[in-house]
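Quick notes on the structure that follows.
None of the figures in this text is laboratory data; all of them are computed from the coordinates on show. Because the structure is a prediction, the values reported are computed rather than measured. Backbone-built Cβ (ideal geometry, glycine too); neighbour counts: all protein chains shown.
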Amino acid sequence: MPIFDVESDHELFIGHREQLDTELVGIGVGGKEIGDPPGIESRHAGTLVAVPARPDSIGWEMRRTPDRLLASGHVLSLSHVASGKVREIYEIDPDHLLFVATDRISAYDVILPQLIPDKGRVLTGLSLHFFDFLDTPNHLVSTDLSSVDELTDQERTELEGRAMIVRRAEVVPVECVVRGYLYGSSWREYRDGGGPTTEHLPEGLRLADKLDEPIFTPATKAATGHDENITESQTREILGDDLYEELRRRSIDIYTRATEYAAAKGVILADTKFEFGFAGDELLLIDEVLTPDSSRYWPVDEWEPGNEVPSFDKQYVREWLEKQPWDKTPPAPDLPDEIVQGTRSRYVEAYEKITGRSFDEYLEGRR
Ligand code: Q0N
């Protein structure tokens, strides 16, 4: 667990910036090693934030607000397995995990200080919708949390709609990206003379051009935590030819079917990222699927090759951030409530447009 120096006699446990203000603060001073806050088992250390509350304070100080803690994905009754920027994974038993989508939001790769209410439920609703639509072998077991005995009633309530019980799998160490349009890191490589994702592209393409065929452009998690695009031969080296070809075929097939589905809803699925894992010798689609966090969705009438295309979900908050004096390094500015609510509305709109179902109905389905 990385620990950072904040100032000479304080240290900071890694965590999510939006937690810092109110719900859980542990402090330690004097240059001695900081342990876990009392009352919290060490297995949760990675999910907790410790900051100096006052420059002169000694020992630990903790406050906790269960609601917001849970919306940020913290389940204190289960062992923590892994964290992403906006997702948390816990162990239920040796073969099952609890996959939780939090209400955290990132922009320009920085976690914003405010949670977006129900964002995790929107993303989970979309994943469930596509697991059902795609009908391809995947890790989803259930969304019924009543079988998870360790959860408190409050945890169950907060997790409803944002959590999936999934089969534990051995994660394939490559992110399976499929692109139907030239945008993002692939556009930057292309513009700058070519890179791993542009190996098979013709000349003369413009920003946001539709590609003749979708391309499979895998990436790996670099040490920095950033995704790094890798070439076909690098990917074949990591996976072997058989698995490479199987993942490419399945990824492009899923992307193609989802693209046709989205088109019927007036939405372009510009690109998306899948993860796969093995449960025994079964190759399962894992992680979240076809959510706005893992995919680039464009409203069809906003697409104009040669121009940047506003993102469905994040454009609104990005435009507000652009007007703030902020250099895009943490911490990000506090979002006014109007921007939080406006952002929530856009996520809900995305859910309704893509699934054709009402989000209220989704929320009721869990009561
Ligand atoms: C797992 N990750 C990816 C986003 C990035 N079914 C599974 N079985 C075993 N491990 C995993 C899954 C799944 N899904 C996948 N980490 C563990 C990293 N994630 C972590 C959460 O945030």
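Highest mean packing first, where packing is the average number of other Cβ atoms within 10 Å per residue, the peptides 162-170, 251-259 line up as 162-170, 251-259. By the rule of a C-alpha distance below 19 Å, with chain neighbours fewer than 8 residues away ignored, the lysines paired with Lys221 are Lys85, Lys273. Shape summary: region 171-316 maps onto an equivalent ellipsoid whose semi-axes, from the alpha-carbon gyration tensor, are 24, 19, 14 Å in decreasing order.
Relative protection proxy for 172-183, 115-126, 236-247, from highest mean packing down: 115-126, 172-183, 236-247 (other beta-carbon atoms within 10 angstrom). In this label model, Arg357 and Ser147 are separated by 2.0 nm, measuring between points 7 Å along each Cα→Cβ vector. Near Leu335, the amide H atoms lying under 5 Å from its own belong to Gln114; only residues 5 or more places off or on other chains count, and H is placed 1.01 Å from N. Multiplying the residue separation of Arg191 and Trp303 by 0.36 nm and removing their Cα-Cα distance gives an extension gain of 38.4 nm. Across region 165-179, coupling constants 3J(HN,Hα) worked out from phi with the 6.51/-1.76/1.60 Karplus curve, θ = phi - 60°, read 7, 10, 6, 6, 10, 8, 6, 6, x, 9, 7, 8, 8, 10, 10 Hz, and Gly and Pro carry x. Entry for region 115-185 at q = 0.14 Å⁻¹: log10 I(q)/I(0) = -0.62, Debye formula applied to identical alpha-carbon scatterers, no solvent contribution. Gyration tensor over the Cα atoms of region 242-287: the corresponding equivalent ellipsoid has semi-axes (square roots of 5 times the eigenvalues, largest first) of 24, 11, 8 Å. To the nearest 0.05, how large is the calculated FRET efficiency for Val171 and Glu199 if R₀ is 30 Å and r is the Cβ-Cβ distance? So, using R0 = 30 Å, E works out to roughly 0.75.
Taken one residue at a time, the phi angles of region 82-89 give Karplus couplings (6.51, -1.76, 1.60, θ = phi - 60°) of 7, 10, x, 4, 10, 10, 9, 10 Hz. Gly and Pro are set to x.
Converting phi to 3J(HN,Hα) with the Karplus coefficients 6.51, -1.76 and 1.60 and the offset θ = phi - 60°, region 100-110 yields 10, 9, 8, 8, 5, 9, 10, 9, 6, 6, 10 Hz in sequence order, with x at every glycine or proline. Distance between the pseudo-spin-label points of Arg156 and Glu364 (7 Å out from Cα toward the beta carbon): 2.2 nm.
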